[in-house]
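Heads up: the structure comes next, in structure tokens.
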Amino acid sequence: MNFKQILLFISILFADQITKWAIDFNMMLGDSITIIPNFFRITYLHNTGAAWSMFDGKLGFFFVITIIAIILMIYFYRNTEKHDYLTQYGLVLMMAGTIGNFIDRTAFHYVRDFLDFIIFGYDFPVFNVADMALCIGVFLILVSVFFEQYYGGGSTCEK
């Protein structure tokens, strides 16, 4: 990883853990604060599963899957072409998000979630900074694959 990628990794991990700590310290489980009516709330929840609470309570499963996922992400990162920055940054974001939620699962046996959006009337599942990093990372990798597929040569962009 280059310096910018290490800085991004540390920043995401720090932002994830400090926001979770702040919510945990200042709110009671289940509390909700409306920020933008009918659009955004801060709602403090514990998630013992994955996205949308899938595999609820399967802590051992998450430990194994997380370790495998981190190993695979490191492998793919190390084997990414040097000029494929979108994939590299995507994997860095995914690693930071994965480790951020892994810290929670290891320390508390649940993940602390608090970002609660209502989008077009749909109350989207509550999530956190690590989840955002994971989603943005996946998006960057998909964009990289799109560029590779349709324009050839991968997704080069400035460092």
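The values are calculated or read from the model by the stated rules, or taken from the named source; none is laboratory data. Keep in mind that this is a model prediction, so the values were computed, not measured. Don't worry about glycine lacking a Cβ; one is built from the backbone with ideal geometry, like all the others, and counts go over all protein chains shown. Note: accessible area is taken over every heavy atom of the protein model, side chains too, but ligands, DNA and RNA are not part of it. Shrake-Rupley method; radii C 1.70, N 1.55, O 1.52, S 1.80 Å.
Values for this structure:
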{"quantity": "For region 92-156, accessible area per residue (1.4 Å probe, heavy atoms of protein chains only), Å²", "calculated": "50"}
{"quantity": "Shape box of region 76-159 [Cα atoms, principal axes, largest first, Å]", "calculated": "42, 35, 19"}
{"quantity": "Apportionment of accessible area to carbon and sulfur, region 1-132, percent (1.4 Å)", "calculated": "72"}
{"quantity": "Test item: Cα-centred dipole of the chain, Lys/Arg +1 and Asp/Glu -1 on Cβ, debye", "calculated": "320"}
{"quantity": "Cα-based equivalent ellipsoid, the chain: semi-axes from gyration tensor eigenvalues, Å", "calculated": "30, 19, 15"}
